[in-house]
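Some notes on the structure that comes next.
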Amino acid sequence: MPSAILTRSLTKQYGPLTALTDFHLEVDQGSIFGLLGPNGAGKTTLIRILTTLMRQSSGDAFVEGLDTRTQGREIRRLIGVVPQENSLDRYLTARENLELHARLHGMEARHYRQRIDELLELMGLAGRQKDFPDTFSGGMQRRLVVTRALLHEPRLLFLDEPTTGLDPQSRRAVWDYIRSVAGSMTIFLTTHYLEEAEQLCDRIAIMDHGRLIALGSTQELKERLTGGGNVYQIEFDEGAERYAAVLREMVCVREIEVSGRTVCVALEEWECLSEVIAALNGAPVRRISLRERTLEEVFISLTGAGVRE
Amino acid sequence: MRLRGSFAIWRRDMLVLRRNLPSELVAVAAYPLTIYLAFGIGMKGYIGLVEGVPYGLFIAPGLISMTAVTAAYSESVWSLWFHRRVQFTIDSYRVTPISVSEIVIGKILSGFSHGLVKGLAVGLVIFAITPFRFPLEHLMAYLAFLIPGSAFFSCAGIICGTVMDKPETIGRVEAVFIMPLIFMSGLFFPLSSYPPALVPWVRALPTTALFEGARQALVGGVFPLVFALQVAVTALCTFVAAVWIFRRKMAE
Ligand SMILES: Nc1ncnc2c1ncn2[C@@H]1O[C@H](COP(=O)(O)OP(=O)(O)O)[C@@H](O)[C@H]1O
Ligand SMILES: [Mg+2]
């Protein structure tokens, strides 16, 4: 069974700018894979190459074992695409948008009519099928694009930032719909919402500046990148600096950070917590808490905190 | 070569045209009819006969051709630009199992159909408000110009809509190239009005072949074969160029 997606040394240059550098990635069939990265990381570029909208500068990319450079038409039969920009036809009603797409896929009218009815129902759009998409809310437009991408029963669904710009309710609704249709399909989604990746994905890759910088399951990534999460926050009534200096001398303390009255201590392993507590004997400790590093922090620590244009 | 995709896209464009037909026709007929009323009727007493026919009759075929070719050009250029740059619908076509050639051929067909429908509509109005009547052979001969002419301008529109990313540029090209080309090609005056030295150059323009040829076919009742071939060959060449340029742009 070929991988749903396989890239080897994939590189894309826009003139002098390298948007994708020596990119290796493998996505198993049937999984939900999340590609995370800040704006300009190269996510859309990767999707455009995989969906045959654009050619790579060098390297290979395979979708279901098919080469994106020579087997475009065969690939496009198997994939559904939800692009970053909506790409709905505002001069056609919701239903007509879907019908056009079905015809471009060579579906027979008697076959697609029924499929459109089912999907509109499933996506909660049946009541608005005769309306034009520019009268829809952002969340409904997004659902219509997802519906369109699912019409021809693709084996692999690409979603480029499916929920960017939606309010939290609509975002959750889109997640629910994605989960409900996932089935045996492979889903490849990009996002810069970590919560989205955590909620939806089996595996996550983090990329920046066109390079892959981390890959694994949500749990693996958190553990690998946060040292298993043995980070504690200790709040003192006074003298935080002084106690921090004491702790900094201890072998089992990996990292330490003071902000005001709070000292943040990263331990090599949780077993040495008792040593820390012993060392603080008599200190005015108000509170000790375990700090779970969120994926968000992992992300920021990997990609930097600067704002991307 | 498969044309299923072209047909689906053309069908979409015709559905939208049908939906807006009344307002589109009013808008598209207003300009040639204004010209017709101003020159053909208003100036009739001052101009008299041109090349042996009343001025109103002299300009009628050109106005119909002008409507058809400008409609074909505008539809193609704006539609391609809009679907490519504004709505991104071209991208949504390109992720389905049809080829890039099918897309561009569909769009060329749509521009061409717009041209024919609108040209014929203006023709019918002119027919209704004037006493001029033409034998069927003349009308058929005229179509031998109108059809490749609309195809030629539709392809030209596709090329412009493919290479131009900004709407201002499209507007400028229309004002600086398309309209002068049409007006200089003997639409309102006979070629004999040009200084003799210029005539061979003007005759070499494909638009001259189109407008002169169309008038000779409709009004004169002769079939100017050389002009007809010139228009047909130009249409074929721009078609090949349009498909090639669009494919190159999409491969970027
Ligand atoms: N058509 C293009 N021409 C030139 N540069 C581009 C083009 N598309 C994207 N880029 C650049 O490539 C980089 C990656 O962009 P993109 O793939 O859109 O990132 P993302 O989707 O992760 O935000 C960015 O620096 C962007 O400015
Ligand atoms: Mg993007």
### Query
Does any residue of region A:185-193 turn out to be at pLDDT below 90, more than 16 Å from ligand 2 (Cβ to nearest atom) and more than 14 Å from every other protein chain (Cβ to nearest Cβ)?
no
### Message
Among the numbered criteria (1) farther than 30 Å from B:LEU109 by Cα; (2) crowded, with 17+ Cβ neighbours inside 10 Å, which one does B:ILE41 miss?
### Response
(2)
## Note on the structure
Note: among A:ARG148, A:ARG171, A:ARG203, just one is in contact with a Ser or Thr (Cβ under 6 Å, 6 or more places away or on another chain) and at pLDDT 90 or above, namely A:ARG203
### Summary
The one condition A:ASP28 fails out of (1) away from ligand 1 (no atom under 16 Å from the Cβ); (2) out of contact with any strand residue (DSSP E or B) (no Cβ under 9 Å at 6 or more places or on another chain); (3) at pLDDT below 95 is (2)
### Message
So for region A:168-177 (the condition being surrounded by fewer than 19 Cβ atoms within 10 Å (Cβ to Cβ), within 16 Å of ligand 1 (Cβ to nearest atom) and more than 14 Å from every other protein chain (Cβ to nearest Cβ)), does at least one residue qualify?
### Response
no
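For residues that are over 11 Å from B:THR96 (Cβ atoms) and more than 7 Å from every other protein chain (Cβ to nearest Cβ), scanning just region A:76-91, find the one that is surrounded by the most Cβ atoms within 10 Å (Cβ to Cβ).
A:VAL82
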### Summary
Among B:VAL86, B:VAL95, the single one that is without any contact (Cβ under 8 Å) to a residue 12 or more places away in the chain, within 14 Å of chain A (Cβ to nearest Cβ) and buried (at least 20 other Cβ atoms within 10 Å of the Cβ) is B:VAL95
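Within region A:116-158, how many residues are in contact with a His (Cβ under 9 Å, 6 or more places away or on another chain) and outside any helix (DSSP H, G or I)?
The total comes to 2.
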### Message
Given the options A:GLY210, A:GLY216, A:GLY183, A:GLY165, name the one that is within 19 Å of B:GLN87 (Cα to Cα) and either crowded, with 20+ Cβ neighbours inside 10 Å or not polar (S, T, N, Q) (or both).
### Response
A:GLY165
### Task
Please work out which residue is surrounded by the most Cβ atoms within 10 Å (Cβ to Cβ), limiting yourself to region B:143-197 and to residues that are among the polar types (S, T, N, Q) and at pLDDT below 90.
B:SER185
### Query
What's the number of the condition A:MET1 fails, among (1) in a loop (DSSP other than H, G, I, E, B); (2) within 14 Å of ligand 1 (Cβ to nearest atom)?
(2)
### Message
Quick check on my filter: what residues within region A:42-55 are assigned to a loop (DSSP other than H, G, I, E, B) and either within 16 Å of ligand 2 (Cβ to nearest atom) or touching a Ser or Thr at 6+ places or on another chain (Cβ under 7 Å) (or both)?
### Response
A:GLY42, A:THR51, A:THR52, A:LEU53, A:MET54
### Query
Going by the conditions given, is A:ARG113 surrounded by fewer than 16 Cβ atoms within 10 Å (Cβ to Cβ) and more than 16 Å from ligand 2 (Cβ to nearest atom)?
yes
### Query
If B:ILE103 satisfies every condition in (1) of a type in the set (A, V, I, L, M); (2) touching a residue at least 12 places away in the same chain (Cβ under 8 Å); (3) away from chain A (no Cβ under 14 Å); (4) out of contact with any His (no Cβ under 6 Å at 6 or more places or on another chain) but one, which is the exception?
(3)
### Query
Exactly one of (1) closer than 30 Å to A:ILE49 by Cβ; (2) part of a helix (DSSP H, G or I); (3) in contact with a helix residue (DSSP H, G or I) (Cβ under 8 Å, 6 or more places away or on another chain) is unmet by B:ASP165. Its number?
(2)
### Message
For region A:37-65, give me each residue that is surrounded by fewer than 19 Cβ atoms within 10 Å (Cβ to Cβ) and more than 11 Å from ligand 1 (Cβ to nearest atom).
### Response
A:ARG55, A:SER57, A:SER58, A:GLY59, A:ASP60, A:GLY65
### Task
Would you mind finding the one in B:SER65, B:SER79 that is among the hydroxyl-bearing types (Ser, Thr, Tyr), within 14 Å of chain A (Cβ to nearest Cβ), buried (at least 18 other Cβ atoms within 10 Å of the Cβ) and within 22 Å of the chain's Cα centre (by Cα)?
B:SER79
### Task
With the checklist (1) facing chain B (nearest Cβ under 9 Å); (2) surrounded by 17 or more Cβ atoms within 10 Å (Cβ to Cβ); (3) not aromatic (Phe, Trp, Tyr) in hand, flag the one item A:LEU98 doesn't pass.
(1)
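When you look at A:ARG103, is it surrounded by fewer than 20 Cβ atoms within 10 Å (Cβ to Cβ) and either within 12 Å of chain B (Cβ to nearest Cβ) or modelled with pLDDT of 95 or more (or both), yes or no?
Working: surrounded by fewer than 20 Cβ atoms within 10 Å (Cβ to Cβ): no; either within 12 Å of chain B (Cβ to nearest Cβ) or modelled with pLDDT of 95 or more (or both): yes.
No, not satisfied.
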### Query
Does A:THR21 meet the test of being more than 22 Å from A:LEU66 (Cβ to Cβ), hydroxyl-bearing (Ser, Thr, Tyr) and either more than 12 Å from ligand 2 (Cβ to nearest atom) or within 13 Å of the chain's Cα centre (by Cα) (or both)?
yes
### Options A:LEU10, A:LEU6; residue that is away from every other protein chain (no Cβ under 14 Å), within 14 Å of ligand 1 (Cβ to nearest atom) and either part of a helix (DSSP H, G or I) or under 22 Å from A:THR186 (Cα atoms) (or both)
A:LEU10
### Task
Identify all residues within region A:56-107 that are assigned to a loop (DSSP other than H, G, I, E, B), farther than 21 Å from A:ALA182 by Cα, touching a helix residue (DSSP H, G or I) at 6+ places or on another chain (Cβ under 7 Å) and touching a residue at least 12 places away in the same chain (Cβ under 8 Å); write none if there are none.
A:GLN56, A:THR68, A:SER87, A:LEU88, A:ASP89, A:ARG90, A:TYR91, A:LEU92
### Summary
So the strands (runs of 3 or more DSSP E) completely within region A:161-271 holding 1 or more residues that are out of contact with any Leu (no Cβ under 8 Å at 6 or more places or on another chain) and in contact (Cβ under 8 Å) with a residue 60 or more places away in the chain are A:211-216
### Task
All but one of (1) within 14 Å of chain B (Cβ to nearest Cβ); (2) surrounded by 18 or more Cβ atoms within 10 Å (Cβ to Cβ); (3) more than 20 Å from B:LEU15 (Cβ to Cβ) hold for A:LEU119, so report the exception by its number.
(1)
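The values are calculated or read from the model by the stated rules, or taken from the named source; none is laboratory data. Computed from a predicted structure; not experimentally measured. Counting neighbours? That spans all protein chains shown, and the Cβs are built from the backbone with ideal geometry, glycine included.
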